[in-house]
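Remarks on the structure that follows.
The values are calculated or read from the model by the stated rules, or taken from the named source; none is laboratory data. Predicted model, so just to flag it, every value in this text is computed and none were measured. Here the Cβ positions follow ideal geometry from the backbone for every residue, glycine too, while neighbour counts run over all protein chains shown.
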Amino acid sequence: MADDSAPLVGVLMGSKSDWETMRHTRETLTNFGVTCECRVLSAHRTPTETTEFVVTAEKNGTQVFIAAAGGAAHLAGVVAAHTVLPVLGVPMTGWALDGLDSLLATVQMPRGIPVGTLAIGKAGAVNAALLAISILGVKNPEYLEKLREYRKNQAEAILGETLD
Ligand code: RP5
C-alpha cells in the first residue's frame, strides 16, 4: 500500500566508497525539497537485500530509483529488473579503468530492461538527481518551476563570470 510519507527517490550505491560522489545526489534532491532514502546495497554482495529494498520501496510509494556502482556495475540493471519505475544509473570511477568499465556496464543494458545512464562521477550524481526531479515534475509542476529557477540562476552565474 502506498504511503504518503515514503521517500520519493530511492538511492542505492554498491559501496560506502561511492558515498563521497553520491552525497551530491542527496544534496541536490534535498535542495529541491525532494525526499530520498540512500542505502549501501550491492547487486553481488547483498543481492537479496537489494531486491527486497526495491520491491518494498515501490510498494511504499517511491517513484524513481537512482543506482550507482563501480567496476562490473550491474546494480542499476538489477534494480531495473525488479521494478517498472524509472531507474537512473550513475557509473562510479574505479580502480583500473577509471569509470569506463562501470559506464559500459551500466549503459549497455540489453533490450527490454532500460536504465537511463548518466555521466561518470559527480556530474552524473548531480544530473541523476535533476533528471529524477524532472520525472517527478510531470505530476508535480512545482518541481518544474524549481528546475527553471535553478537553470536561470546557473545561467546568471555563468554570465556574471569575470576572468583575470
Ligand atoms: C562496486 O565496487 C561499488 O559500487 C564500488 O564503486 C566498487 C568498489 O567497492 P569497494 O571495494 O570500495 O567496497 O561494487
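Of all residues in region 41-57, those that are among the hydrophobic types (A, V, I, L, M, F, W, C) and either assigned to a loop (DSSP other than H, G, I, E, B) or more than 16 Å from PRO7 (Cα to Cα) (or both) total 2.
Cβ-Cβ distances below 9 Å connect the following pairs, each with a first residue in region 62-90 that is free of Cβ contacts under 8 Å to residues at least 24 places away in the same chain, a second residue that is away from the ligand (no atom under 16 Å from the Cβ), and a separation of six or more residues or different chains: VAL84/GLU58. Within region 17-29, identify whether any single residue is away from the ligand (no atom under 15 Å from the Cβ) and touching a strand residue (DSSP E or B) at 6+ places or on another chain (Cβ under 8 Å), and answer yes or no. Checked region 17-29: at least one residue is away from the ligand (no atom under 15 Å from the Cβ) and touching a strand residue (DSSP E or B) at 6+ places or on another chain (Cβ under 8 Å).
Remark: PHE32 matches the filter, which requires a residue to be farther than 18 Å from GLY71 by Cα, among the aromatic types (Phe, Trp, Tyr) and away from the ligand (no atom under 16 Å from the Cβ). Screening region 24-39 for residues that are within 23 Å of THR56 (Cα to Cα) and not β-branched (Val, Ile, Thr) and picking the one that is surrounded by the fewest Cβ atoms within 10 Å (Cβ to Cβ) gives GLY33. Checked against (1) over 23 Å from CYS36 (Cα atoms); (2) in contact with a helix residue (DSSP H, G or I) (Cβ under 6 Å, 6 or more places away or on another chain), ALA155 passes all but condition (2).
Checked against (1) farther than 30 Å from LYS146 by Cα; (2) within 16 Å of the ligand (Cβ to nearest atom); (3) at pLDDT 95 or above, MET109 passes all but a single condition, namely (2). In contact with a strand residue (DSSP E or B) (Cβ under 8 Å, 6 or more places away or on another chain), modelled with pLDDT of 95 or more and not in a helix (DSSP H, G or I): is that true of ILE135 in this structure? Answer is no for this residue. If the condition is being of a type in the set (S, T, N, Q) and either assigned to a helix (DSSP H, G or I) or within 13 Å of the ligand (Cβ to nearest atom) (or both), then region 58-101 contributes ASN60, THR93.
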